[in-house]
1. Relative to the compact-globule scaling 2.2 N^0.38 Å, provide the ratio for the alpha-carbon radius of gyration of chain A.
2. Okay, helix-only estimate at 222 nm for the protein assembly as shown: each DSSP H run of n ≥ 4 adds -39500 (n - 2.57), divide by all residues, round to 500 deg cm²/dmol; what do you get?
3. Write down the Kirkwood hydrodynamic radius of chain B, to one decimal in angstroms, obtained as one divided by the mean of 1/r over all alpha carbon pairs.
4. I want to make sure I understand the PRE zone here: with the label point 7 angstrom from the Cα of B:Ser69 toward its beta carbon, which residues in the stretch B:5-49 have backbone N atoms less than 18 Å away?
5. Find how much the distance from B:Arg256 to B:Asp86 grows on full extension, using 0.36 nm per residue of separation minus their present alpha carbon separation; answer in nm with one decimal.
6. Say we join alpha carbon atoms closer than 10 Å with springs in a Gaussian network model of chain B; which of B:Ala53, B:Ala102, B:Ala192 then has the biggest fluctuation?
7. Spin-label point model (7 Å from Cα, Cβ direction): what's the A:Arg100 to A:Glu256 distance in nm?
8. Mind telling me which of A:Leu253, A:Leu188, A:Leu79 comes out most flexible in a GNM of chain A, alpha-carbon contacts under 10 Å?
Amino acid sequence: MTLLTIENLSKRFSSGGREVAAVSDVSLTLEPGETLGLVGASGSGKTTLARILMRLLPADAGAIRFEGEDWLTLSGAELRHRRARMQMVFQDVLGAFNPRATVASVLDDPLRIHNIVPKAERPREIAALLDRVGLLASYAERSIRDVSGGQRQRIAIARAIATKPSLIVLDEAVSALDVSIRGKILELLVELQEERSISYLFVSHDLAVLRAVSHRIAVMETGRLTETGPTRQVIENPQSPAARALIGAVPRLVTEPTEGPSHDV
Amino acid sequence: MSTLCEIRNLSVTYRGQTMPALNQIDLDIAAGERLAIIGESGSGKSTLARAVAGLLPLGAKVAGEMRWSSGHPPLPGRDLGFVFQDPSSSLNPVLDIGEQVAEGARRHLGLSWREAYAHALKMLERVRIPEPDKAMKAFPHQLSGGQRQRVAIAAALATRPGILIADEATSALDMAVQAEIVSLLDELVREAGMTLIFITHDIALASGFADRVAIFKDGRLVEIGPTGHVLSSPRETYTRMLIASHRDLTTTPLIREAAS
């Protein structure tokens with residue numbers, strides 16, 4: 001059964017008397033265990049779409065079905081309860097955490113709020129989560145500020161999987177990381193997906209990252225979906241100017257001296 | 001090419017730190033070259049940029065030498081332009097674009113405000129800001145990130161400096177805009193015969209247009225050489241790791257794809 005169906009979703013913002021269609025008439029689906037890469041330039045509406053999906057912003061029009069429920073009409077206790085099934089990992093993880101928190105408290109929150117395991121078992125569950133994302137259990141006592149960027153992103157992933165979600169929205173989740181660490185985080189995400197059949201909606205402007213992990217790619221431009229298809233098809237045979245521009249912009253490793261930049265601008 | 005600056009045994013330690021951010025660096029900068037300084041976080045690449053530009057914070061301890069061929073260090077803003085990563089914090093939010101681009105030209109080229117504004121308008125045209133006369137009167141927040149970075153480049157180049165330092169100047173931009181800004185920088189530097197020091201974490205981005213690359217790690221210079229040479233036959237393990245970590249659209253995906 002399809003995990004997520006987005007139908008004709010629209011959202012407008014007005015700023016200084018100007019109306020901007022941030023998301024217009026977007027429809028998408030996501031299957032269990034599938035990664036959909038959502039790519040677009042700044043201002044294309046991809047983050048707005050992710051925020052509507054996370055119920056951080058109301059939609060103006062359209063509907064979302066998630067795990068068979070009418071997701072946009074859920075509210076109150078029902079919504080809080082259901083949120084356990086849809087988690088998010090942001091680009092700036094330090095900004096997403098309480099800066100005074102310890103790693104243990106960051107992981108304890110979702111376990112407690114969603115009542116995942118009884119209180120007595122939480123330390124053991126926290127250790128298991130840390131282990132699962134490749135960190136030592138001794139990290140639990142550290143301040144969230146005293147770990148490196150890559151370790152912090154592992155903790156964010158541990159927090160996201162703590163509530164056993166079926167969908168994780170990844171918003172530029174590896175963009176701030178050094179390349180040597182980026183690859184390892186992507187590998188971890190793929191492993192977790194294979195192990196738990198989690199679906200990912202991976203939002204990024206970086207098509208090379210999405211190429212690595214996405215089964216399908218959806219391209220957005222000025223609020224509209226310009227094309228959707230299997231990753232290889234979109235990259236090898238793009239149909240829209242927006243997709244072609246994004247493909248041309250990916251830097252290629254040039255190992256021979258050249259006469260100019262390697263971009264097709 | 002003649003040597004513009006000889007850096008010898010340069011170490012920089014920030015106030016309150018025990019570990020040097022830059023550790024015994026030997027490096028020659030050639031006049032007119034495009035030198036890419038490549039490294040991950042904490043490699044010291046930005047510290048090197050700031051040391052060369054004379055923009056280290058107060059209290060930073062500097063040891064070693066920087067010998068400039070002109071006999072004195074370049075004056076930032078006149079002989080040396082600097083483009084930072086985040087144009088929304090390097091531009092003044094309460095001054096219009098015209099004034100910010102004109103300011104340097106007025107001060108350092110001895111132009112009147114009127115002449116400096118005319119010069120600023122020309123600079124905005126050169127960095128291909130759409131509707132430059134309108135942009136002159138705009139404030140930074142009214143422009144997109146890419147347009148703001150074009151303004152920052154125009155301001156940095158307004159005094160016709162001989163050296164331009166771009167410190168992660170495209171990292172905050174989305175990829176399509178990044179590609180445009182890199183090719184703009186490349187073109188402007190080439191036209192003016194400027195020396196470009198391009199600081200980046202992205203080895204592929206640098207590989208497309210730098211003459212030489214210098215690889216930094218943990219405050220040390222790991223390897224330096226002509227771009228094609230370092231990329232095709234890296235000597236150091238770390239350089240090989242950086243090259244191997246690069247992903248583009250031809251890299252094998254991490255997931256199993258359905259046969260299509």
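1. Normalised by 2.2 N^0.38 Å, the Cα Rg of chain A equals 1.05.
2. Working: 20 runs with 191 residues, N = 525.
Dividing the helical sum by the residues of the protein assembly as shown leaves -10500 deg cm²/dmol.
3. Kirkwood hydrodynamic radius for chain B: 19.4 Å.
4. B:5-8, B:27-36
5. Full extension from B:Arg256 to B:Asp86 adds 57.4 nm.
6. The residue with the greatest mean-square fluctuation here is B:Ala192.
7. 6.0 nm
8. A:Leu253
Where a number appears in this text, it was derived from the coordinates with a stated rule and is not lab data. A quick note: this is a predicted structure, and the numbers were derived from the prediction, not measured. No Cβ is skipped: glycine too gets one built from the backbone with ideal geometry, and neighbour counts run over all protein chains shown.
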